[in-house]
Amino acid sequence: MAPLIGIQVLLWCISGAYMVLTDIDNIHGDHLVAEPLLPIDHAQVRLTFASVKADYPGAMHIRLKQTPQGPVYFFKEGGMAKAINAKTGEPLTPPDEASIRTLATLVYTSNDPIAKVSLYEEQAPAEMSPRLLPLYRVDFDAPLSPSLYFSANTGELVGKRYDGWRLFDFLWMLHIMDYAERDNIHNNLLRIASLLALLLALTGSMLAWRSLKPTSKSKKPEGTA
C-alpha cells in the first residue's frame, strides 16, 4: 500500500507543479481567439429583457449582444441554448457548417487552415460538457491541435481546446483522482488516498525523529580502561 500512496503523492507533486507554473489564461486557450466587440445598435432593439422573460418564462442568463446580423438576445431555457432577434423576437435560424466555418475563421487568431468540422448532437467529446450539446467542433491544421467549439443552436463560441489544455485536464484528473467526470474533488478515492498519505507522512516523520534522537551511552563496567 505504501508504494501506491507514494506514487500518488509523486503524481500530486508533478500535476501541482504544472498547474502552478503554467499561465492559466494560456491553458484556457484565450490566445486562440479574439472575438470582435461590436457596439450594440440600440436603435434596432425593440424587445426588453422583461418582454423576453415574459415570452420565455424559463429563460435564464439572458444576454443582449451585437452580432453581424444585428442585436440578438442569447439565453438558456430548459438547458437549451437559444437566440432571438432583438428587433423582431423571431428565433434565429441555427447555423449550418458554412456559417460555422466563417465564424471560426473570424475569431481564430492565426491563419491556419481548417482541417475538419464535426457536428455533435447526441454525445459530446470527452473534453466538453454534454450540457452544451448540440455542438460544432472546428479543428485547425496547426501545432498542438487547436479546436474551437460553437453552439449548433446559436453559433456562439462555447469552448477552446488545444493540447496544452488537454495535458492540463489529464493532470487534473490524476490530481483529484476522478477518472470518469474529472470534476469531482470530493470523491471517496481522493479522501482515502489523502488520509493514507497523511498517515504515511506522520509515521515517516516519527521514524525520522527517532533516528535523529541521540541515544544514551551505555555505562562502562568498573575496572576497565
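Summary table below
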quantity	calculated
Per-selection Rg to Rh, region 30-161 - Cα, Kirkwood hydrodynamic radius	0.98
Two-site FRET efficiency, Ile114 against His28, from Cβ-Cβ distance with R₀ of 22 Å, rounded to 0.05	0.55
Equivalent ellipsoid dimensions for region 79-225 as semi-axes, Å, which come from the Cα gyration tensor, largest first	61, 18, 11
Long-range lysine pairs (8 or more apart or interchain), region 30-161, Cα under 16 Å	7
Cα-Cα P(r), region 29-73, percent of pairs per 10 Å interval	23, 41, 27, 9
Cut-off 19 Å, label 7 Å out along Cα→Cβ of Leu199, residues of region 3-29 by amide N	3-10
Between helix 188-212 and the chain: long-axis angle, C-alpha atoms, 0 to 90°, nearest 10	30 degrees
Loop sites in region 143-176: chymotrypsin sites (Phe, Trp or Tyr not before Pro), DSSP, at most 11 other Cβ within 10 Å	none
Cα radius of gyration and Dmax for region 119-165 (Å)	10.3, 29
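Readers should treat all values here as calculations from the given coordinates under stated rules, not as data from a laboratory. It should be emphasised that the depicted structure is a prediction, and the values quoted were computed from it without experimental measurement. Because the Cβ atoms are built from the backbone with ideal geometry, glycine has one as well, and the counts that use them run over all protein chains shown.
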